[in-house]
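For reference, the structure discussed in these notes is given below.
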Amino acid sequence: MMRLFRAALVQMQVGKDRTQNLVNAAKLIAEAKCDGAKLVALPECFNSPYGTKFFNEYAESIPNGPTCEMLSKAAKENSIYLVGGTLPERENNKLYNTCTVWSPKGELLAKYRKMHLFDIDIPGGITFKESDVLQAGNELVMFEMEGIKVGLGICYDMRFEELAKLYRLQGCEILIYPGAFNMTTGPIHWELLQRGRALDNQVFVFAISPARNEQGYIAWGHSQITNPWGKVTTQAGHSQEIIYGDIDLSECDKIRQQIPIFTQRRTDIYDTVKNK
Ligand SMILES: O=C(O)CCC(=O)C(=O)O
């Protein structure tokens with residue numbers, strides 16, 4: 001069972017030209033592989049600008065569109081596990097914000113649809129309503145990478161501790177959230193939420209943002225790797241860059257043994273349960 005590996009989070013610049021986005025992603029994935037990454041992860045909406053007015057235009061079916069073709073090929077050519085950020089997905093005339101995961105052979109390993117849609121209203125800050133155009137997913141999705149269980153969430157999902165806890169209860173050691181926070185909530189919540197999810201669940205948390213752009217939805221950036229102690233071990237700035245983490249899963253074993261909160265939970269009094 002693999003316990004040590006290098007992860008790469010690709011904080012890429014995303015623009016309006018889909019082909020250019022795919023070319024840029026493929027180039028950065030190959031660079032991450034050259035630098036020794038075994039797992040490479042892309043940001044939320046890496047093939048299209050982020051915004052409700054763009055989802056319909058950029059939506060593709062999975063796994064048959066150009067974005068999935070690029071992802072499958074890149075995973076195979078580089079022989080890596082590839083968390084393909086998210087793309088707007090169309091199925092039966094419905095749209096979803098969906099994360100795909102690809103094996104080193106280029107096979108689709110997992111597909112997760114954002115479960116908590118980003119509907120918030122902060123006067124003078126940010127108003128966003130994904131539910132105007134998107135449907136929510138209804139399923140937790142994990143994948144296995146050579147014996148390591150990884151749970152998937154997307155951006156706003158990281159605000160929901162229950163989702164993270166259910167993944168931990170199912171044996172996950174890593175949670176991955178492609179995400180694109182903004183200039184209002186990013187500075188105050190992005191790092192803290194990930195540290196919270198990591199420490200509460202004694203897991204690694206990887207969160208991958210697009211690089212900051214000049215117009216439209218301005219992404220916060222600051223892609224981040226947090227260890228099971230809640231420590232931020234690597235954080236990006238806001239421009240295009242790849243950040244790397246040499247992940248040692250014995251950190252999960254250590255904290256789980258030394259601070260055994262999961263055997264100390266008062267499940268006679270409370271619990272987090274999956275209803276469906
Ligand atoms: O929760 C937030 O503040 C930002 C969430 C977000 O940008 C998203 O879900 O795409």
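Answer yes or no: is there a residue in segment 106-122 that is open to solvent by less than 60 Å² (accessible area, probe 1.4 Å), aliphatic (A, V, I, L, M) and more than 16 Å from the ligand (Cβ to nearest atom).
yes
With the structure loaded, tell me whether Glu44 is within 16 Å of the ligand (Cβ to nearest atom) and in contact (Cβ under 8 Å) with a residue 60 or more places away in the chain or whether it fails that test.
yes
Give segment 22-62 a look and list any residue that's among the hydroxyl-bearing types (Ser, Thr, Tyr) and open to solvent by less than 40 Å² (accessible area, probe 1.4 Å), or say none.
Ser48, Tyr50, Tyr58
Just to verify a result, which residue in segment 219-276, among those that are exposed (fewer than 14 other Cβ atoms within 10 Å of the Cβ) and among the hydrophobic types (A, V, I, L, M, F, W, C), is farthest from Glu44 (Cα to Cα)?
Among residues in segment 219-276 that are exposed (fewer than 14 other Cβ atoms within 10 Å of the Cβ) and among the hydrophobic types (A, V, I, L, M, F, W, C), the one farthest from Glu44 (Cα to Cα) is Ile269.
From the list Leu134, Leu140, pick out the single residue that is away from the ligand (no atom under 16 Å from the Cβ) and not acidic (Asp, Glu).
Going through Leu134, Leu140 in turn, just one is away from the ligand (no atom under 16 Å from the Cβ) and not acidic (Asp, Glu): Leu140.
Just checking, which of Lys254, Lys274 is within 21 Å of Leu117 (Cα to Cα) and outside any strand (DSSP E or B)?
So the residue among Lys254, Lys274 that is within 21 Å of Leu117 (Cα to Cα) and outside any strand (DSSP E or B) is Lys274.
The values are calculated or read from the model by the stated rules, or taken from the named source; none is laboratory data. Predicted model only: the values in this text are computed from it and were never measured. Here the Cβ is made from the backbone with ideal geometry for all residues, glycine too, and neighbour counts use every protein chain on show. Side chains are part of the model used for accessible areas, which takes the heavy atoms of the whole protein and leaves out ligands, DNA and RNA. Shrake-Rupley method; radii C 1.70, N 1.55, O 1.52, S 1.80 Å.
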